[in-house]
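One structure is given below, encoded as structure tokens.
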Amino acid sequence: MIKCLTFDVTNTLIHVASGGNVALHYSNIIRNKIDPNFYLDIELANKNFRKFFKIENEINPGYGFSKGMSSQDWWCNIVNKVLKEDLMTKSGANRLDSQKLDCTSKVIYEEFTKKKYWQKYSDCDFILDECRRKYGLKLGIISNFDERLFEILNNLNLLSYFDFVCIPSNCNGSAKPSEFIFLEAFSKSGCQNPHELMHVGDNLQLDILPATSLKFKSVLLKHLRDEEKKKDFLKEMPDHLKNHITCAFSLKELLLKIHY
């Protein structure tokens, strides 16, 4: 019987507003806070954001905790590289002064704690409330987010639902898929048996496989409404996993999986 339910956060409970368009927010923040004449190449910046995020995560996993980095330094490295790539294509009034880069990155880092940059998925509050009140479950978070997560969840009125939060900054820099962060969550869950804990996340490699390797139950959550997209997603799942992975396509559907 499930006694504790843990969640990933980004793209599971909440997502970046405006369809996840990070670069659009960067551009708006810069124009509103730094330089009203600046316009970011949105398509290029989103592409570079994904590229530099991956590189930084490989070089300095867990926000560089083991190297003494702060999460702000970590994120500013990415933002600076994204903006520098953009500056190389610009000249004149539309060129951001390179001396403002560090200031700009810090402003963006701080801005992203605000509620307006995040959206809760449909039924998020309802599902969390049901899990606590109706099912009497303990709720936790296992996320690779940085320490701003507490403020973001509080601003979205979500923090009070959770009994504990496990992120790299309070798990000695450990990040998913490392088993350490999952075991830390298990120790805080009050569960006596791994099968009493269920983890919900959107990433097969970071959430589901490490959770199941520790004998936790798990649900792969993909927010898909279109039936064809659901079918395509299931078709693309590796054959050797299809009969072993439980999927849900909405938070509401998750309720049906809790006692499987």
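The values are calculated or read from the model by the stated rules, or taken from the named source; none is laboratory data. Owing to the predicted nature of the structure, the values given are computational and were not obtained by experimental measurement. Every residue, glycine as well, gets a Cβ built from its backbone with ideal geometry; the counts of neighbours run over all protein chains shown. These accessible areas exclude ligands, DNA and RNA; they are computed on the full protein's heavy atoms, side chains included. Shrake-Rupley method; radii C 1.70, N 1.55, O 1.52, S 1.80 Å.
Among the residues in segment 111-134, are any of a type outside the set (S, T, N, Q) and within 22 Å of GLY68 (Cα to Cα)?
Checked segment 111-134: no residue is of a type outside the set (S, T, N, Q) and within 22 Å of GLY68 (Cα to Cα).
So which residues in segment 62-79 are on the phi < 0 side of the Ramachandran plot, buried (at least 18 other Cβ atoms within 10 Å of the Cβ) and touching a residue at least 40 places away in the same chain (Cβ under 8 Å), if there are any at all?
The answer is PHE65, SER71, TRP74, TRP75, VAL79.
Taking segment 25-44 on its own, how many of its residues are crowded, with 18+ Cβ neighbours inside 10 Å and under 16 Å from TYR109 (Cα atoms)?
Of the residues in segment 25-44, the ones crowded, with 18+ Cβ neighbours inside 10 Å are 25-27, 29-30, 38, 40.
So of that shortlist, the ones also under 16 Å from TYR109 (Cα atoms) come out as 25-27, 29-30.
Within segment 25-44, residues that are crowded, with 18+ Cβ neighbours inside 10 Å and under 16 Å from TYR109 (Cα atoms) number 5.
Among the candidates GLY190, GLY173, single out the residue that is in contact with a Gly (Cβ under 9 Å, 6 or more places away or on another chain) and touching a residue at least 60 places away in the same chain (Cβ under 8 Å).
Going through GLY190, GLY173 in turn, the sole match is GLY173.
With the condition kept exactly as written, say whether any residue in segment 93-116 is within 16 Å of LEU13 (Cα to Cα) and in a helix (DSSP H, G or I).
yes
Select from segment 98-129 the residues that are in contact (Cβ under 8 Å) with a residue 40 or more places away in the chain and of a type in the set (Gly, Ala, Ser) and list them in ascending order.
Result: SER122, single match.
How many residues does segment 44-69 hold that are in contact with an Asp or Glu (Cβ under 9 Å, 6 or more places away or on another chain) and small (Gly, Ala, Ser)?
2
Working only within segment 9-24, note down all residues that are open to solvent by 10 Å² or more (accessible area, probe 1.4 Å), outside any strand (DSSP E or B) and in contact (Cβ under 8 Å) with a residue 24 or more places away in the chain. If you could, list the steps in order and put the result at the bottom.
First, pick out the residues of segment 9-24 that are open to solvent by 10 Å² or more (accessible area, probe 1.4 Å): 10-11, 15-16, 18-22, 24.
Restricting the remaining residues to those that are outside any strand (DSSP E or B) gives 11, 18-22, 24.
Those that are open to solvent by 10 Å² or more (accessible area, probe 1.4 Å), outside any strand (DSSP E or B) and in contact (Cβ under 8 Å) with a residue 24 or more places away in the chain: ASN11, ASN21, VAL22.
Within the set of pairs 6+ apart or on separate chains, which have a first residue in segment 130-142 that is in contact (Cβ under 8 Å) with a residue 60 or more places away in the chain, a second that is among the hydroxyl-bearing types (Ser, Thr, Tyr), and C-beta atoms under 7 Å apart?
That search, which allows pairs on different chains as well, returns LYS138/SER189; LEU139/TYR161; GLY140/THR6; GLY140/SER189; ILE141/THR6; ILE142/THR6.
Could you tell me whether any residue of segment 83-103 is modelled with pLDDT under 90, among the aliphatic types (A, V, I, L, M) and open to solvent by 70 Å² or more (accessible area, probe 1.4 Å)?
yes
Restricting the search to segment 28-68, which residues are in a loop (DSSP other than H, G, I, E, B) and hydrophobic (A, V, I, L, M, F, W, C)?
If the condition is that a residue be in a loop (DSSP other than H, G, I, E, B) and hydrophobic (A, V, I, L, M, F, W, C), then ILE34, PHE38, LEU40 are the ones that fit.
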